[in-house]
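Chemist: Dumping the structure here so I can ask a few things about it.
Read the figures in this text as sums done on the coordinates, not as results from a lab. Everything numeric here is computed off the predicted structure, so don't read it as measured data. A quick note on method: Cβ atoms are made from the backbone with ideal geometry, for glycine too, and the neighbour counts reach across all protein chains shown.
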There are 4 protein chains.
Amino acid sequence: MSSRTIHPIYNEEQNRDLGFGSVVATESRERLLNRDGSFNVARRGLSFRSSLSLYHWFLTIAWWKFLAIVTLVYFMANVAFAFGYVLCGPGALAGAGCGASGCGLAQAFFFSAETISTVGYGHILPVSVAANLLVTLESFVGLLGLALAASLLFARFSRPNARIIFSQSAIIAPYQGITAFEFRIANARSNQIIELAAQVLFSRLEKSDGKSVRRFYPLALERDKVTFFPLSWTIVHPIDETSPLSGLRHEDLRASDAEFLILLSGIDETFSQAVHTRSSYKADEIVWNAKFANVFNRRADNQPITIAIDRLHQVERLETHPNSDFVAAD
Amino acid sequence: MSSRTIHPIYNEEQNRDLGFGSVVATESRERLLNRDGSFNVARRGLSFRSSLSLYHWFLTIAWWKFLAIVTLVYFMANVAFAFGYVLCGPGALAGAGCGASGCGLAQAFFFSAETISTVGYGHILPVSVAANLLVTLESFVGLLGLALAASLLFARFSRPNARIIFSQSAIIAPYQGITAFEFRIANARSNQIIELAAQVLFSRLEKSDGKSVRRFYPLALERDKVTFFPLSWTIVHPIDETSPLSGLRHEDLRASDAEFLILLSGIDETFSQAVHTRSSYKADEIVWNAKFANVFNRRADNQPITIAIDRLHQVERLETHPNSDFVAAD
Amino acid sequence: MSSRTIHPIYNEEQNRDLGFGSVVATESRERLLNRDGSFNVARRGLSFRSSLSLYHWFLTIAWWKFLAIVTLVYFMANVAFAFGYVLCGPGALAGAGCGASGCGLAQAFFFSAETISTVGYGHILPVSVAANLLVTLESFVGLLGLALAASLLFARFSRPNARIIFSQSAIIAPYQGITAFEFRIANARSNQIIELAAQVLFSRLEKSDGKSVRRFYPLALERDKVTFFPLSWTIVHPIDETSPLSGLRHEDLRASDAEFLILLSGIDETFSQAVHTRSSYKADEIVWNAKFANVFNRRADNQPITIAIDRLHQVERLETHPNSDFVAAD
Amino acid sequence: MSSRTIHPIYNEEQNRDLGFGSVVATESRERLLNRDGSFNVARRGLSFRSSLSLYHWFLTIAWWKFLAIVTLVYFMANVAFAFGYVLCGPGALAGAGCGASGCGLAQAFFFSAETISTVGYGHILPVSVAANLLVTLESFVGLLGLALAASLLFARFSRPNARIIFSQSAIIAPYQGITAFEFRIANARSNQIIELAAQVLFSRLEKSDGKSVRRFYPLALERDKVTFFPLSWTIVHPIDETSPLSGLRHEDLRASDAEFLILLSGIDETFSQAVHTRSSYKADEIVWNAKFANVFNRRADNQPITIAIDRLHQVERLETHPNSDFVAAD
C-alpha cells in the first residue's frame, strides 16, 4: 500500500529533507540540527491547554528545577492548608504542641505538614468538625500528591537515556587511496546499546532556476550497522567518485551552508527499548587531512582491552598531501 | 507463510476495507471514522465480567470522572469502616478526640480517615480487640488502595498521548499543473514525534450487480513518511490520471458517501513508544479550489523560524480556474 | 545473515513445526495448543532457584491466590514482629493501650500492625532501646514491603491483556462455489486492537517410511491482516485444489489427529503494545456444512451498527449438499 | 537509504565483526563474549558525572548489595537527621519517650526513624520552631526517598529477565551422513518466549599479508527461528562442503583461537517485550563425535510430555567413526 509500488513516478529526493519542509530547510540560517540533536524551530499559537503535556515537561526539565518545583508545591500546599485550619476558627486545633495562646498559623503549618505526610504525632490535633474534615481531605490529597511526585521522581530517574558522545570534530582523512568523511562515537553510559544503525545525510544549498534550494544527499557508509557497541565506532563515508562530496573543498562546504546530519537508532539492552539519537556537523566542525588519535589502551597481559573515552575527540593533523584534491583549510 | 506467496489468486482489494467488514462498510450511514479517530460501531452482548477492562476504563475516562470516582470510593470506604467501628460496640473506640458522650459515628469516620491514610494522631484510639483487628485490616487495605489509586493517577498522567491536530478541512488545490487532495497536520504537544508515516484511503459506495458496495482505494502520496515532524506537514495526494479521484466532482463524492480515511503512525521520542492516530474527512469537509494559508513566521535575523499553529486551519479560496475539471461546490 | 540466502538447500518445512520439536509433535496424544493458547508440555528438573521467576508467578496466579498470599504475608510479618517485641522483654512496650498486666502478645501484634503500616497512634509505645531499634527496622521493611505489594497489585491490574474470543467451533462452509474452513473471533475487551494479523497452520500425523510423523501446513487465508478490529472477524481459508484440506473428510481429520493451530498478533492501542494470542481447533470442534449466524444488529436509523457477541458462537447447519465432497459428520 | 543499494561495492564482510572493531577482535586474547553474554572490554576516561547511570547500576548490582545500600542510606539519613535535631538545641525535642535527662542522640535517632517513615507515635515530639521545620523537611524527604527506594526494588523485581540456559558444551555430531555443529538451549523461567531467532557466527584468527586478522563467518542453520519455545531447542549447523568449518579439526580451532558467537532474540510473552541473549563457545567447550542425551520423559498415558532440564548438558560420546574427518580430541 506504499506510494512507491502504486505510483512510482514521484521521485524520492524530497523524502530526504526528513520533514523539515522547504521553508525551514532553505530559509533558515541556523543549523537544522543542534549538536545535541534538538531542532532549531518552534511552534507558536498553541493554546496553553492544548499544548499541555505536563508529564513531558516534568520529565525533561533540569533536576534542580524539578526539585525546586516539587518542594515549592509541597510548601505552598502546607501554607494553604495552614490558612484553612486558621479559618476554621480559634478552637479548631488544640494540643500540647500549641502554646498558652492557642494554635497559631505556625502551629497550623506544622500540623499541616504532619498531616499531609501522614506522620501524625498527635501533639496538635483537630478538634472541630471542620478541622477534622479538612484533615480527611488533606491526608487524602497529600498521599496522592506525594505519590505522584514520587512517581515523577522515579520516571525521571529511570528514563532510558542513551548518551552517545560524538567526536567534537568530523575529519576528512586518507582512506584506502582516496579520502573519507569520518566521525567517532562512544557510549557514555554503562548500559549496553545493541543493533546500532547510522544514517548520514549531506545537506547544502544549491542554486536551482536562480533560487537557493536546500538539497539532501544520503552518504554511503563503509558500514551502517553494528550488532554490538561495546566501545567506540568510527563511522566512515568513503569519498569516491560517486560521493556527493567528491571534489568539494572546505570553502565549498562553507559557501553552500553545508551540514552533515547524523541519525542513530539502537536498542538499550537494559530496558529492551529503542533509543534514537541525532547530531550534526557544520563545515567549520570538520578538520581536513587528519586522522583520529588511537583510543585503545594496549593491554597488559591478561587484561581486557580498554578505550580511553577522553581521547575520543583527539584529532591528529597530517602533513598536507601534495597531490590531494583537498587543502587543509583552517 | 503469508497467503500472498502461497496462494496469489485472492485479490488484495478486500484487504483495503481495513477490517470494518462488508456489513458495516456498506450499510452504515455514519462516517466510518470519527474526526477523533474513534469508530462508529459498538459491541453488545458481552457479559459484564468478560468485558471488564477496568484499567482501560480508568485510563480513558475524563479527569473529572476519575477524580470523582476515586474521591467517592475513599469517602465510602471511610463510611463503611466507620460503621464497622460503631458495630464493634460502644467501648471500641476511646480517646480525647471523643466528647463526654463517647465516640459516635462522626468520630468513627474521622478515626477511619486517620487510619486509612495512616496519619494516626492517636486522639481517638482502638480499645477493644475487634476494633484493633479492624484497624489492622483498614491500614493494610488503605495503603494498598491508596497506592492503587496513586498508580492509576500516575498512569493517566504519564500515558503517551500524541495529539496531532488535523486541519479542519482538506482541500483540492492546484498542484504542478494538475490538482491535489491535501490536508495539514501539526504536533500539538511539546514532545517530538519521529518516523511519522501516513496512509490515506479513499472510500465510497459503488454499484456492483445492482447492490451498493463500499470500496476502498489507497491514495498515492507525494511523500508518505517523514523522519522528523518538528512543525507541520502538508500531506498531498496528486490527482493525476491514475488517481481514483480523477474526474470526480464534489457532488460525486457526496452522492457516493465518500470518506477519506487517514492513518498515521510514528514514534514518540520522549518514551520511545509507538503512537497511532486516525482521522477522516467527508465530502463536506473538503474545500475545493483553495490553498492553505502560510503558517511560517518569517524569521527576524538570528531567530529560529516558527510556525503559528492557530493558522493551521486557515484556507484561502482561489478564483475558480476556468478550465479546471473541478467546480467550487459550496 | 539468514540461512536462506546463504544455504538455500535446507527446506522450510521443518520450520513449520513452530518449535514443538518432533518428539512432542509426533508422540503427544494431547492437543498441541489448548483452547486458551497454553502448551501441553512441562519442564522438569529446574532447580528452585533457577526457575524462580517470582514476578511472573505473582502476575499470572489467580486474583484470590494473589490477595490471599499478600494478606497472609502481611499477617505473618506482624506475628513475627509481635514475637520480636515480646522477646525484647516485659518492659519493651508500654502505654495506655496495654492493660494493667502490661503489653502482651496481642498488644504487640496490634502495635506491630500500627507500625508496619506507619499509622502509629502512640497508645502503645516502644520503650527499650531494643524495641526502638525493632521499630526502626519494622517501619522501614513495612514501607518497602507494602510498596512492593502495591506495585504488584498495580502490575496485575494494568497488565495488557487482550482477550480475543474464538468461536467455539470452526466450520466447513460453502464459499464461492467451493468450500472454506472458517472461524470467527471478536474482541472481548473495550480497548482497541489494531494491525491484527492471523496465521493458521494445519497439522496432522502422516505415515513416512512406516513411521508416524506430524506435519504442519500453513493455510492460505482470504485475508491475513486487518488494520482495525472494531467488531468481529471471520477468518477464511478457501479449500481449493491447492489446499492441504482438499478432499479430506471429517473421519480423515480425526484419524490423523489433525489440529488447526491459530496464531494472532496485533497492537493494543491503549498501551501501544504488542499482543499475542493463540488457540486451536481439533477435528471434533469443526462443524461441517454450516454457516455462522449473523452477529450484526441491523441498525435503527441514526444508530451505529452493533454486533451481538453472544451470537459469535452460533452456527447454522445447512442441508447436506448433494454433490459435495464432504459429509456432515456428527 | 541504506548503503547497500546506493553503493554496492563495499563488501559485507566487515559487518560481520559485530562492532568489536579490528583492534579488539584481533589483539584480544580473551574470548570476545563471556558465557553469560557480557563483553571482555572496558571503557575508561569517562568523567564520573557523564558515566553516571545510577538507575542502570541499581538495576544490575547483586541483590545483597542493593539491599545493603538502601539500608545503609536509610540508616545514615536517620543519623544525619538525629544530629540535626541535637543541633537544634536541648529543648528542641521533648516527650514521654525521653528520660529525665531530656532527649539525647539515641532518642533523636528513634524520633527521626519514626518521622522519616511517617509512623509518628508522638512519644517524642518537636517543640522548637527549628525542630518543627526539620520535621517538615524530613517527612517530605523521607516519603520521596522511600518511594524511590521502593520503586527501584520493584523495578529490579519486575525487570524482564529471560534466562536461557545454554548447554555447557557444544558438540560435533553425526548428521544425515555428514556432521553438524550443535548446541542446546532451554528456557529456565516459567514465562513463555516466542518468536525466538538464533544467529551463530564462527570467528577465528587468519593470516592475511603476514598479519593476524580475526574473521567472522555466519553459520547456516538447519532452522534459525522457532515460533514457540516451550521446551528445548537444539540449534544445528550442518557441516557440508559450503561450511566454513568444513575439514577443520579440534587442533585447527584451538590454534586459530576460534570462537562460536551465539545471538538469540525473542519476545517475552508475559510482558510483550523483546529479549536479547548471547553466549559463546570456545574450542575447548566443544565435544567431538558425540550426541546430546535425550531430555524427553516418555509420557505415561494421558500425561503431557515433559523435559528434564538437568539433562540438558548431558553429552554422550560416540565411538570414533573410522573414516571420519574428525578426531575426538580430548
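Chemist: What are the label-to-label distances in nm, one decimal and shortest first, from residue C:242 to the same spot in the other copies, with labels 7 Å along Cα to Cβ?
Modeler: When each copy's label point is compared with this one, the spacings are 2.6, 2.6, 3.6 nm.
Chemist: Counting only Cβ atoms, what residue of chain D lies nearest to the axis that sends chain D onto chain C, and how many whole Å off?
Modeler: Minimum Cβ distance to the axis, with residue: D:122, 3.
Chemist: Then there's this: Under 30 Å from the Cα of residue B:282, which lysines turn up, not counting those fewer than eight places away in the same chain?
Modeler: B:207, B:211, B:225, B:291, C:225
Chemist: Rounded, prolate or oblate: which one fits region B:140-211, using the alpha carbon gyration tensor with axes a ≥ b ≥ c (rounded when a/c is under 1.5, else prolate when a/b beats b/c, else oblate)? Numbers along the way, then the final one.
Modeler: Numbers: a/c = 4.83, a/b = 2.09, b/c = 2.31.
Judged from the Cα gyration tensor, region B:140-211 comes out oblate (a/c at least 1.5, b/c at or above a/b).
Chemist: Is there a simple number for the mean count of other chain Cβ atoms within 10 Å of the Cβ of residues in A:209-219, and what is it?
Modeler: 1
Chemist: Say each of residue C:62 and residue B:71 gets a label point 7 Å from the Cα, pointing the same way as Cα to Cβ; how far apart are those two points in nm?
Modeler: Once both label points are built, they end up 3.9 nm from each other.
Chemist: Shifting gears a bit: Apply 1/(1 + (r/R0)^6) to the Cβ-Cβ distance of residue C:157 and residue C:105, taking R0 = 51 Å, and write down the FRET efficiency to the nearest 0.05.
Modeler: 0.90
Chemist: Relative contact order for region B:60-158 using alpha-carbon pairs under 8 Å, separation at least 6, rounded to a whole percent?
Modeler: Here the relative contact order equals 27 percent.
Chemist: Calculate the mean, over all residues of peptide D:233-242, of how many other protein chain Cβ atoms lie within 10 angstrom of the residue's Cβ.
Modeler: Numbers: counts 2, 1, 0, 1, 2, 4, 0, 3, 0, 3.
Mean shielding by partner chains, rounded to a whole number: 2.
Chemist: Still on this structure, please answer the following. Find the centroid of the Cα atoms in region C:274-292 and in region A:226-301, then give the distance between the two in whole Å.
Modeler: 54
Chemist: Still on this structure, I have one more. Quick one: check the C-alpha center-to-center distance for region B:84-102 versus region D:97-157, whole angstrom.
Modeler: Here the answer is 30 Å between Cα centres.
Chemist: Moving on. Can you list, shortest first and in nm, the gaps between the label point of residue D:310 and those of its counterparts in the other copies, using a point 7 Å from Cα in the C-beta direction?
Modeler: Result, one decimal in nm: 5.3, 5.3, 7.5.
Chemist: Let me ask something else. Nm distances between the label at residue A:79 and the same-position labels in the remaining copies, 7 Å along Cα→Cβ, shortest first?
Modeler: Between copies, matching label points for residue A:79 lie 3.7, 3.7, 5.2 nm apart.
Chemist: Averaged over D:102-115, how many beta carbons belonging to a partner chain fall within 10 Å of each residue's beta carbon?
Modeler: On the way: counts 0, 0, 0, 0, 3, 2, 0, 3, 7, 2, 1, 8, 11, 4.
Taking the mean over all residues of the peptide, I get 3.
Chemist: Report the label-to-label distance for residue D:284 and residue C:141 in nanometres (one decimal), using points 7 Å from each Cα along the Cα→Cβ vector.
Modeler: Taking the two extended label points, one gets 4.6 nm.
Chemist: If we sort B:228-240, D:83-95, A:207-219, B:147-159 on the protection proxy, mean other Cβ atoms within 10 Å, highest first, what's the order?
Modeler: B:228-240, B:147-159, D:83-95, A:207-219
Chemist: Hey, what's the per residue convex hull volume over the C-alpha atoms of region A:58-158, in cubic angstrom? Please list the in-between numbers first.
Modeler: Details: hull volume 8.8 nm³, N = 101.
Expressed per residue, the convex hull around the Cα atoms of region A:58-158 is 87 Å³.
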